[in-house]
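The structure appears right after this line, and notes come after that.
The values are calculated or read from the model by the stated rules, or taken from the named source; none is laboratory data. Keep in mind that what you see is a predicted model, and the values were worked out from it rather than measured. Here the Cβ positions follow ideal geometry from the backbone for every residue, glycine too, while neighbour counts run over all protein chains shown. Side chains included, ligands, DNA and RNA excluded: accessible areas come from the protein's heavy atoms. Shrake-Rupley method; radii C 1.70, N 1.55, O 1.52, S 1.80 Å.
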Amino acid sequence: MTADPARAAALTLDVAEIIRESASVVSLRLASAEGALPPFQPGQHLPLRLGLPGRSLATYTISSDPGDLSAYRLSVKLEPGGKGGSRHLHGLRAGDQVQAEIPRGRFVLQDDHRPVLLATGGIGITPALAMLHALSRQPERPVIFLHACRSREDLCFAEELAALAARMPGLTRITVFAEGDGTDLRDGLCQHLGLIDRALLRRLLPLDAWQTYLCGPEGFMAAMRAALVSLGLPDSDIRQESFGGAAVPAAQGPATAKPGAAEGPVIRFARSGLEAVWDGSQPSLLDFAEAQGLSPDFSCRAGICGSCACRKLDGDSDHTEELIDSPPEGEILLCCSIPKGDVVLDL
């Protein structure tokens with residue numbers, strides 16, 4: 001991995017407050033006894049070292065105002081089955097401590113003055129909250145915030161969003177309930193019932209150069225992206241963040257392949273002292289590294305979050321996905337890279 005010391009800076013954070021947002025979502029305010037926290041860009045996530053089996057980091061998007069560095073707010077949905085990071089975080093109490101690294105991620109609000117479309121589904125609302133707080137400092141900038149959830153029981157942050165809307169005359173808020181009814185419309189809890197489809201988007205969006213951010217389940221984002229592109233929005237103007245991703249599988253022990261035992265590129269992990277032959281059985285260098293018993297950092301496994309960026313010391317490789325943002329010079333994204341020959345990685 002890259003040797004940037006700031007990237008791996010350790011933070012000890014205290015759970016200052018726990019807020020119940022809905023039956024399945026809690027927000028944790030994490031503060032430091034040392035005072036103000038390192039700054040973050042709206043949309044970035046906080047890597048947590050929770051000591052989970054087979055996984056070095058769990059990452060959660062910071063949902064609070066980037067202008068308030070007294071605490072980071074993480075808003076976490078308890079995942080079905082209740083295993084892993086979400087169960088751990090839901091079990092914390094005020095006064096507990098967590099170990100974290102500095103915020104990271106490339107899914108961030110761009111610093112320009114174009115109109116903004118935020119389209120979120122479910123707990124994908126979290127990066128949009130931080131973005132809306134940042135956008136509230138440009139109150140006249142046109143912003144459409146489109147949020148989809150199942151029903152009123154899943155609706156979170158209503159008071160916070162109302163307060164933001166009160167000071168953002170350029171903001172249009174549309175909430176969509178998949179399983180709502182007329183009462184929800186009359187009570188103003190939502191403005192549309194059913195699903196977000198192309199017809200609704202066409203009705204909502206005036207012709208403009210919208211800078212678009214998508215966050216939510218994979219199916220939601222795929223449908224939104226396809227509909228927006230069909231309406232003429234350039235695909236290059238659409239950025240998206242993927243939540244979740246499979247946990248790192250338990251290490252099975254280093255692979256037995258040795259250089260010269262099979263034909264194929266040799267992958268050398270410089271810091272670990274391991275070498276193995278790439279035989280094409282793994283879909284990416286991230287999976288290949290895990291097969292050697294290594295645990296590289298990752299979050300999305302989709303070439304979006306940038307968590308798996310690794311310094312390539314030698315050799316040539318290809319990214320198998322069309323990247324939204326290219327990694328820094330000399331680095332590759334392990335989750336969507338394959339070798340073109342022998343490769344040496346700083347891992």
Next item on the list: Output the number of the condition that residue 88 fails; it satisfies all remaining conditions of (1) open to solvent by 60 Å² or more (accessible area, probe 1.4 Å); (2) modelled with pLDDT of 95 or more; (3) not in a loop (DSSP other than H, G, I, E, B).
Entry: (2)
Notebook entry, point to check: Can you pull out the residues in region 91-118 that are at pLDDT below 90 and small (Gly, Ala, Ser)?
Noted result: 105
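Can you pull out every residue in region 114-143 that is in contact with a Lys or Arg (Cβ under 8 Å, 6 or more places away or on another chain) and under 18 Å from residue 238 (Cβ atoms)? Steps first, answer last, please.
Start the filter on region 114-143 by keeping residues that are in contact with a Lys or Arg (Cβ under 8 Å, 6 or more places away or on another chain), which leaves 115-116, 122-123, 135-136, 139.
Hits for region 114-143 are 115, 116, 135.
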Note to self: Can you tell me which condition residue 121 does not meet? The list is (1) surrounded by fewer than 23 Cβ atoms within 10 Å (Cβ to Cβ); (2) of a type outside the set (Lys, Arg); (3) at pLDDT below 95, and all the others hold.
What the structure shows: (1)
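Does region 163-184 contain any residue that is at positive phi and surrounded by 13 or more Cβ atoms within 10 Å (Cβ to Cβ)?
Here is the first cut: in region 163-184, the ones at positive phi are none.
Within region 163-184, none of the residues are at positive phi and surrounded by 13 or more Cβ atoms within 10 Å (Cβ to Cβ).
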Note to self: Given the condition out of contact with any Pro (no Cβ under 6 Å at 6 or more places or on another chain), modelled with pLDDT of 90 or more, among the basic types (Lys, Arg) and closer than 26 Å to residue 64 by Cα, answer yes or no: does some residue in region 185-204 qualify?
What the structure shows: no
Check: Out of the residues in region 262-277 that are at pLDDT 85 or above and within 18 Å of residue 331 (Cβ to Cβ), which is surrounded by the fewest Cβ atoms within 10 Å (Cβ to Cβ)?
Finding: 271
Check: So which pairs qualify, if the first residue must be in region 262-283 and within 11 Å of residue 343 (Cα to Cα), the second must be of a type in the set (Ser, Thr, Tyr) and surrounded by fewer than 17 Cβ atoms within 10 Å (Cβ to Cβ), the Cβ gap must be under 9 Å, and the two must be at least 6 apart or on different chains?
Finding: 276/256
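Where in region 298-347 are there strands (runs of 3 or more DSSP E), lying wholly inside it, with at least 2 residues that are open to solvent by less than 50 Å² (accessible area, probe 1.4 Å) and touching an Asp or Glu at 6+ places or on another chain (Cβ under 7 Å)? Please lay out each step first, then the result.
Numbers: elements: 309-319, 331-333, 337-345.
By residue number, 309-319, 337-345.
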Note to self: Just to be sure before I move on: is residue 280 open to solvent by 10 Å² or more (accessible area, probe 1.4 Å), farther than 21 Å from residue 51 by Cα and part of a loop (DSSP other than H, G, I, E, B) in the structure I sent?
What the structure shows: yes
Checklist line | Within region 223-257, considering residues that are within 25 Å of residue 62 (Cβ to Cβ) and at pLDDT below 85, the one surrounded by the fewest Cβ atoms within 10 Å (Cβ to Cβ) | finding: 246
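Going by what's in this entry, would residue 155 be described as touching a residue at least 24 places away in the same chain (Cβ under 8 Å) and either closer than 24 Å to residue 228 by Cα or among the hydroxyl-bearing types (Ser, Thr, Tyr) (or both)?
No, not satisfied.
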Next item on the list: Any residue in region 117-144 that's on the phi > 0 side of the Ramachandran plot: show its pairings with residues that are open to solvent by 20 Å² or more (accessible area, probe 1.4 Å) and assigned to a loop (DSSP other than H, G, I, E, B) at Cβ separation under 9 Å, as long as the two are six or more apart or on different chains.
Entry: 122/150; 122/217; 122/243
